[in-house]
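Peer 1: Dropping a structure here in structure tokens format, bear with me for questions.
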């Protein structure tokens, strides 16, 4: 980050455009984190820069709803369309001589780190609803979520929350439901009250992409987080 004194060199300050609804989701990969967390909307914020990352006064902000099947790629395209009007609108306000803008409520602020390989490894103790959003959040061109099957990496390209409720141990390859293969999910899966993650499309370690029903030729065994 540039030294704060640089932000004050322009007579009217320095404007930044961030792809989240600040003060929430400051930092890195905000669209992906917001989708994983089930936020109902995402957006773009134009704010003045100060000595703290993404914490300056808000000049203009616009939001778009998150659809039930939206991927991170979809949200990227939705928010890209907001950048020009938000930026131009903010610059117009600054050019008009306005100097007082909306202070960020720091009690509502959250700051996220860069995503890494650990962030896309599936943890089967997560509820199926969260895992389904994780799969959508890691849509192409982002790296896909993955687990291990019989010691080999298996990318999960598409999945839905199962209609039925399935009990047992998280990660169990359990049942074919429609076009998907249900994996038991949730820390309390033993209760039988949870929906599972119905995987519909996968990519093998050697790059072959196929329907999950083609890959899983029999039920049983486990998908694991480690080889």
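Peer 1: Got the relative contact order for the range 143-184 handy, in percent, Cα pairs under 8 Å and 6 or more residues apart?
Peer 2: 26
Peer 1: Given the peptides 174-187, 119-132, arrange them by the average over their residues of other C-beta atoms within 10 Å, most packed first.
Peer 2: Order by mean packing, descending: 174-187, 119-132.
Peer 1: Full-extension gain between residue 123 and residue 105, please, as 0.36 nm times their residue separation minus the C-alpha to C-alpha distance.
Peer 2: 3.2 nm
Peer 1: Among 134, 91, 31, which comes first, then next, by fewest other beta-carbon atoms within 10 Å?
Peer 2: Ordered by Cβ neighbours within 10 Å, fewest first: 91, 134, 31.
Peer 1: Rank the residues 73, 217, 191 as a footprinting-exposure proxy: fewest other Cβ atoms within 10 Å of their Cβ go first.
Peer 2: Final ranking by Cβ density, sparse to dense: 217, 191, 73.
Peer 1: Taking only the alpha-carbon atoms of the range 12-102, what semi-axes of the equivalent ellipsoid follow from 5 times the gyration tensor eigenvalues under a square root, in whole Å, largest first?
Peer 2: 25, 14, 9
Peer 1: Could you state the orientation-averaged shadow area of the convex hull built on the Cα atoms of the chain, in nm² to one decimal?
Peer 2: The number I arrive at for the chain is 14.2 nm².
Peer 1: Starting with the highest mean, order 34-41, 159-166, 77-84 by the number of other Cβ atoms within 10 Å, averaged over the residues of each peptide.
Peer 2: Taking the mean over residues of other Cβ atoms within 10 Å, the ranking is 159-166, 34-41, 77-84.
Peer 1: A follow-up question, please. Hey, could you get me the Stokes-Einstein D for the range 117-224, Kirkwood radius over alpha-carbon pairs, 10 °C and 1.306 mPa s, rounded to whole µm² s⁻¹?
Peer 2: This corresponds to a translational diffusion coefficient of 119 µm²/s.
Peer 1: Pull out the extension gain between residue 169 and residue 193, defined as 0.36 nm times the separation in residues minus the alpha carbon to alpha carbon distance; nm, one decimal.
Peer 2: Value of the extension gain: 7.4 nm.
Peer 1: Please state the relative contact order of the chain as a whole percent: Cα pairs under 8 Å, 6+ residues apart?
Peer 2: So the answer I get is 17 percent.
Laboratory data are not the source of any read-out in this text; all were calculated from the coordinates shown. What you see is a predicted model, and the numbers here were worked out from it, not measured in a lab. Cβ coordinates were reconstructed from backbone atoms using ideal geometry, including for glycine residues, and neighbour counts include every protein chain displayed.
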